[in-house]
Structures are given as C-alpha cells and as structure tokens.
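**Q** Handing you this structure, nothing more for now.
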Amino acid sequence: MTARGLEELLGPFPHQTTCRVIDWVKEEVKRQSGNTRCETGKRSLLNTLHYLFESQNRGLAQAALGSVETISFRKMTLTPIDCVVLSHVIGLCDTIKHLDLEDCRIQCEGIQRLGPGLHKFQELGLGRNKLGDSGVKLVSAALKNPECKIQKLWLRNVGLTDSGAEDLASVLSTNQSLMELDLSGNELEDSGVKLVSAALRNPECKIQKLLLSELGLTDSGAEDLASALGINPSLTELDLGSNKLGDSGVKLLSAALRNPECKIQKLELRNVGLTDSGAEDLVSALSTKRSLMELELGLNSLTDRSVPILSRLILTLPSLEWIMLWGNPFSEIGKNELRSLQEPRPGLRVWIL
C-alpha cells in the first residue's frame, strides 16, 4: 500500500527494491529497539513507529516488529498521540512480550489510548505515571480480558488510592495469568491493603511476588494481610518495606509465617519499626521456614540483643542465601559476630554496615 502511493509519482518499483526497503526497515527497528538506554535511541524508535502508523501498511508493521520482544520508552515523555501510535502499531504484532513505559508522564488519557492492547503483553511497566484511580481502572479492565497474558505488572507510585483499589482487587481474585504485582508508593493505606488481602485469600489468585512498600500500612491493616499470607501457597515473595508495622504488626505476620501453607522465599521488612522484642517472634517463625532464601531487615532498631537469635537463624536455616541487616544500631562487636557467620556457610551473604 505504501509503495503503491509512491509509484503514482515515481513509477513502479522493482520487487527487489521493495524487498530491500522492507529489510532495511526491519533492521532499523531491531537496532533501535535494542538501543533504548539513551534518549536519542528512544526518540528514533518512536519516530519509526510513527512512520509505520502513517503508512497504514499492516504487513510492513508486522514484518518490521516481527523479531522485537521488548519495547522501552522509560523516562521519555509520551503524548496521547504517541500512545495512539503505540496502541495501533504494537497491536498488529503478537511477538512483543515486554512493554516498559515507566515514568513517561502518561496520564489517564494516555492509558485510555493504550487500553485496547494492554492485555497482550506478558510484562507491563506503568510505574511512576500519574494514572490515578481512573487510569488504574482501565488497567484492571485489561486484566479482566479473557485473553489477558500479563504476568508481571508494575504500578509503583501511580496515584492509586484505597478508593480506586476495589476494581483492581476484584480482578486479582480471578485473573489466572498475573504472577508479579508492584503497588508500592501508592496511597492504599490499611483499607486498600485490606481489599488486596481479600483477593489473595481467593484460591484462584496466582500472585507469587507482591511489592507493597510505602503504602501507609500499619499494624491495624497487617492482620488482614497476615491472614492471606498464612493460607496462600502461591505467594513466595513479599515486600512490606517502609510501612509503620511496628512490633505488633510484625507479630501478626510472624503468626502467619508459622502456617505450613506459607511458602515464603523472600521477605522484605526494612524500615518497619522492628525492635529486639519483635525480632524474637519473627525469627522464631522464620526458623521453621525451610523455603526462606532472602531476608531484608535493614533500617530497623535491632541491637546486639538480637545478635544471638539472628545467629541461630543463619546457622540453622540452610536455605538462607542472604540477609540484609544494614542500618541497625549494632555495635562493632555485634557486626563482626554476624559477619563471621558467613565463613562456615559458603554462598551466604550477611549485608551489614
């Protein structure tokens, strides 16, 4: 179709010339899609996608994007028109698995333009855009699509509140593809996390990795999350960093960790207000978790009083590969004692400053 328009002005093109042009476009798109770490590379790729859109040549677009699996415009401002182009051109191709649009200043209007094709990607990065509740509702609609392929979804810091979490939580209960979800940095607070926790209790929920840092979660909301953690065998990675859990909130989580159904492998509790008193419950529960591989307890208030129980945990849990203890007020003697535990355990890393 594109060549036909030019032939009206320039005369017919030899078939060999047309093939060369198509091959050149394919190589350009492949080169540009692999060069998106710099602003220039991203701009070149976006311009090429605009050309493909303007050509309205389905075959050319499919041929050009046929070998591309990842498209990233991270940290590049995209207009609603750019989103229309992305939706149209990428929608023609089934090979693209990962779309990274993090920090592209996309708002609800942009997501609305992208909406029809969002369900096609396996990995979808939309973090640090001002989507708001209405924008996340559109993303939730993609998750409801029976043909949804999304396995990893990043919605960090997108302006989601507890009021807008209901649509997302309802679809988490039934979506069969989603395995990783990042909701960190939103204003969910206890009421929003309660909705997400209800979804996690549903046996249809298949989420394995859940990032819930910096949500305003307190010990009051931790009870709902703990009840879900204790019965969900799919959830293996949980990040609750920078929430105001305190010892009481961590104690609730510890009780859930003792449940045999809990298969946690990676647990992040940095900067949650944990003290020596709360650490006893936590370490006691984790000592039974043969699945635990990584533990993050940085930026809490653990002192040398916790060194003996942490030492026992490290020595008795063969699955543990690294433990983060940086930013806690241990003495130099306590730090050295914890570091020394790496010697009899090749491969173990104790991170402490």
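The values are calculated or read from the model by the stated rules, or taken from the named source; none is laboratory data. Since the structure is predicted, the reported quantities are computational estimates derived from the model, not experimental observations. Note: ideal-geometry Cβ built from the backbone for every residue, glycine included; neighbour counts use all protein chains shown. What goes into the accessible areas is simple: the full protein's heavy atoms, side chains included, and nothing from ligands, DNA or RNA. Shrake-Rupley method; radii C 1.70, N 1.55, O 1.52, S 1.80 Å.
**Q** Quick one: with all protein chains in place, what share of the accessible area of the stretch 134-271 is carbon or sulfur, to the nearest percent (1.4 Å probe)?
**A** 46
**Q** For the stretch 80-137, what class follows from the C-alpha gyration tensor (a ≥ b ≥ c being the square roots of its eigenvalues): rounded when a/c is under 1.5, otherwise prolate if a/b is larger than b/c, else oblate?
**A** It is prolate, given that a/c is not under 1.5 and a/b is the larger ratio.
**Q** If you bin the C-alpha pair distances of the chain every 20 Å from 0, what whole percents do you get?
**A** Calculated over all Cα pairs of the chain, the distribution is 28, 45, 23, 5, 0 percent.
**Q** Could you provide, to the nearest whole Å², the per residue accessible area of the chain with probe 1.4 Å? Intermediate results must be reported in sequence, preceding the final value.
**A** On the way: 16400 Å² over 353 residues.
Per-residue accessible area for the chain comes out at 46 Å².
**Q** Averaging sequence separations of C-alpha pairs under 8 Å and six or more residues apart, then dividing by the length of the stretch 269-353, give the relative contact order as a whole percent.
**A** On the way: 133 pairs, mean separation 25.8, N = 85.
Relative contact order here is 30 percent.
**Q** Now for a different question. Hey, which of these cross-link pairs are over 24 Å Cα-Cα: K42/K137; K149/K209; K149/K244; K120/K266; K194/K244?
**A** Table pairs above 24 Å Cα-Cα are K42/K137; K149/K244; K120/K266.
**Q** Among all stretches of the chain without exposed GluC sites (Glu not before Pro) (DSSP loop, at most 16 other Cβ atoms within 10 Å), which one is longest? Write down the numbers at each step before the final one.
**A** Values: sites that count: E69, E147, E204, E261, E321.
Longest stretch, sites excluded: 70-146.
**Q** Would you list, by chain and number, the aspartates and glutamates whose Cα falls below 12 Å from the Cα of K75, excluding same-chain residues fewer than 8 positions away?
**A** Reachable aspartates and glutamates: E39, D100, E102, D103.
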